[in-house]
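The block underneath contains the structure these notes are about, expressed in structure tokens.
The values are calculated or read from the model by the stated rules, or taken from the named source; none is laboratory data. Quick caveat, the model's predicted, so the values are computed rather than measured. Glycine also receives a Cβ, built like all others from the backbone with ideal geometry; neighbour counts cover every protein chain displayed. Just the protein is used for accessible areas: all its heavy atoms, side chains included, with ligands, DNA and RNA removed. Shrake-Rupley method; radii C 1.70, N 1.55, O 1.52, S 1.80 Å.
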Amino acid sequence: MILIHLRMKEFVYKLEKETEARVRMVEMKEADLLKKSLEASNILGEAFDCLKKFIVPYDFQDAAEEIHFFKNVKPRLCAYLIYYHTIYNIEMNRPLGSVETQRRYLDKELEDIQDFNNKRLDFYRYWRSGSSSLDDIYFRRGKTDMELYMESFYFEHDPKFSTNYDFKVARILANDMLHIFIRSELDALEESRYKNNDSGSQLNININAKKTEIIELLYALDTISFFGEKSLNRLTVLVENTFNIDLGNISRTFAEMKSRNIPTPFLDRTREFLLKRMGRKNSAN
């Protein structure tokens, strides 16, 4: 039984790593968000099918292993599938009207997320608290909750691959990521509003830096309140108008920066060059 257990652990680890790498390659493409979310959804759908084919004939070592799979492993992968699938739907149905029209649309998406959590408040609190007293009811197969069939995807209908609440956990995890995504889109709309309202002054200066490096510097300065009470959105508009550049969606870029192996390469390199200019060694001292 231990060998079977290790085989499942190894299979899941390999599947997640390969899927993560493929999705990351999609995210790095220059394609628009609609195309990237669709491609990522297809990749995650394939991975989810692979996971299902492995688990359906699989004999869990014990109740604890079954609970762990349906409480942690399956929801983790399913959450990303829901996330990209939902982003695709959001972008497909997003109005092309004014900033205010798009803001109302995105605000409604945030309301839907909160509505989902509110309707399942008892379970939401149970899961958030890290409790385990009801895991045997929530995350073992053999019980039927008709609500599950009303809200889930087609592949959730197999009782050998579903429990009453694993999909709800996946929705909670996906909603956390969607909340961040939607807030970044709302920030982008606010940035565009400032661009339209603030003319600023343009200088004929070429900046010898990449957009990601400028954004990295802006976030660093904003973090230490270098510009006082000025909002990051207004500072971004000021920089764009002053130097006649378009930094794009800085919130999305910042989210990508946080996942890099070296999160602050521009600031690290700047410090190194400044220390060399001072004739000092590059050290923490």
*Skip the ligands, DNA and RNA, and give the accessible area per residue of region 1-128 with a 1.4 Å probe, whole Å².*
58
*Say each of Ala64 and Ile262 gets a label point 7 Å from the Cα, pointing the same way as Cα to Cβ; how far apart are those two points in nm?*
4.3
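From the C-alpha gyration tensor of region 46-113, pull out the three semi-axes of the equivalent ellipsoid (sqrt of 5λ each), sorted largest to smallest, in whole Å.
Computed over region 46-113, the values are 38, 13, 5 Å.
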*Considering only Leu189, Asn42, Ile250, whose Cα is most displaced toward the positive end of the charge dipole of the chain, charges sitting on Cβ of Lys, Arg (+1) and Asp, Glu (-1)?*
Ile250
*Could you give the angle, 0 to 90 degrees to the nearest 10, between helix 166-197's Cα long axis and the longest principal axis of the Cα atoms of the chain?*
20
*Helix 33-55 versus the longest principal axis of the chain: what is the Cα-based angle in degrees, 0 to 90, to the nearest 10?*
30
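Given the Cα-Cα distance of Met278 and Leu121 and 0.36 nm per residue of separation, how much length would full extension add, in nm?
The Met278-Leu121 span can extend by a further 50.7 nm.
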*Fully extended contour minus Cα-Cα distance, from Glu20 to Val56, at 0.36 nm per residue*: 10.7 nm
